[in-house]
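I have placed the structure first, in the form of structure tokens, so that the comments after it can refer back to it.
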Amino acid sequence: MNSATALTNQGLSEVTTNTWVNGRHLVRCARVVNETHDVKTFCFLAEVPVLFFFKPGQFVTLELEIEGQPVMRSYTISSSPSTPYSFSLTIKRVPGGKVSNWMHDNLKEGDVIPVHGPVGNFNCIDFPADKVLLLSGGVGITPVMSMARWYYDTSTDIDMVFVHSARSPIDIVYQGELTNMCARVPNFHLHLICEREALGFPWSGYRGYLDQAKLDMMVPDLHDREVFCCGPEPYMRAVRSLLQANGFNMEHYHEESFGSTPAEIKQDALDQAVEAEEALEAFDSSDLITVEFSQSGKSIGVMPGETVHTAAANLGMYIPKACGMGICGTCKVKKLEGEVEMNHNGGITDEDVADGYILSCCSVPKGKVVIEN
């Protein structure tokens, strides 16, 4: 009897797995971990084993029902694809946070929810480097932690400097794991900064905010590194200013932009609104462009500059949408005929585009189009 037969006889069987691809999937919450007093990690897996391959730094969009209403919300994956049979989301409770607070109060082990993804241009795979600087503030630690875990688990020889800023010692997420990683490999350099102490938790490390003096001490070879940054918008704005003041080549700077709307996207939205208003003033019914939905058999005319998503909404058809800026990828639909101008921001892969998929929120028909919906 060979070893494989022996294992089968002991009750183990060969596991057949599929690979995760961008789309809608049902996953089960397998574990909930309390990271800090207001941060929890939710671990998910598929009922039928799935290899959750993704690029460290990418995110998924949760499809939830809260108070009887459908709600979509995107969160960065905090785990590493080096542990591919599950993935984790680390979520902070925030005052007035409809989704984050619901997750903390209601989502429990065994619950099944739909997720969309993974997507996102912010990742460490597309920007390889021998030296990296991982910068994070608050719960913005999640995507760079995914990167650090990937580097660590794969025993890479990449030199990492990990700088994390927290309000106080009790707000440091993953402190034990980070300390352990730093102690075990010589190419992992950890620096923690606390804005202030917490009662009963004395702090002997860096205090205040990341500034020029701290940057000089922590990262003397700054200009040799690829920089990945995530945190609240004021934090990322301060980091950008600090790097620019040092003459850093910003082509090697990358930040997670999902949490807030980048200025250039806001300007694009404003420009589109102006163009739509101008089109309305010069409106002629012959200018209407037909958008047809093959499965429902419905069709409608839209004005030049209006999106496929607008067409669906005007017909009363529901296409899930979270960001509205072509970032999250939730509104992906398949285009069967016609051409669109799609101005997305990383929410769809080149492979999906080649297969005919578009993001309805940011796709403007150039003529009659037929959508599979």
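The values are calculated or read from the model by the stated rules, or taken from the named source; none is laboratory data. The structure displayed is predicted, hence computed values, not measured ones. Virtual Cβ from ideal backbone geometry, glycine too; neighbours counted across all protein chains shown.
Some notes on this structure:
- Residues considered: 305, 324. Of these, the only one that is of a type in the set (Gly, Ala, Ser) and farther than 20 Å from residue 74 by Cβ is 305.
- Of everything listed in (1) surrounded by fewer than 13 Cβ atoms within 10 Å (Cβ to Cβ); (2) under 25 Å from the mean Cα position of the chain (by Cα), the single unmet condition for residue 199 is (2).
- Only listed residue being outside the structural domain of residue 74 (by TED's automatic domain parsing) and closer than 17 Å to residue 63 by Cα, chosen from 304, 320, 365: 320
- Selection status of residue 41, at pLDDT 80 or above, in contact with a Lys or Arg (Cβ under 9 Å, 6 or more places away or on another chain) and in the same structural domain as residue 88 (by TED's automatic domain parsing): yes
- Flag set for residue 309, criterion: outside any strand (DSSP E or B), modelled with pLDDT of 90 or more and surrounded by 16 or more Cβ atoms within 10 Å (Cβ to Cβ).
- All positions within the stretch 206-232 that are in contact (Cβ under 8 Å) with a residue 24 or more places away in the chain and assigned to a loop (DSSP other than H, G, I, E, B): 209, 210, 211, 219, 221, 225, 231, 232
- The set of residues in the stretch 115-150 that are part of a strand (DSSP E or B) and either without any contact (Cβ under 8 Å) to a residue 40 or more places away in the chain or in contact with a His (Cβ under 7 Å, 6 or more places away or on another chain) (or both) comprises 115, 136.
- All conditions but one from (1) at negative phi; (2) surrounded by fewer than 20 Cβ atoms within 10 Å (Cβ to Cβ) apply to residue 360; the one that does not is (2).
- The listed residues are 322, 354, and the only one of them that is crowded, with 19+ Cβ neighbours inside 10 Å and of a type in the set (A, V, I, L, M) turns out to be 322.
- Residue pairs meeting the criteria (Cβ under 9 Å; at least 6 apart or on separate chains; first within 15 Å of residue 132 (Cα to Cα) and buried (at least 16 other Cβ atoms within 10 Å of the Cβ), in the stretch 171-190; second among the polar types (S, T, N, Q) and at pLDDT 95 or above): 190/179
- Residue match in the stretch 194-203 (condition: modelled with pLDDT of 95 or more and either assigned to a strand (DSSP E or B) or in contact with a strand residue (DSSP E or B) (Cβ under 6 Å, 6 or more places away or on another chain) (or both)): yes
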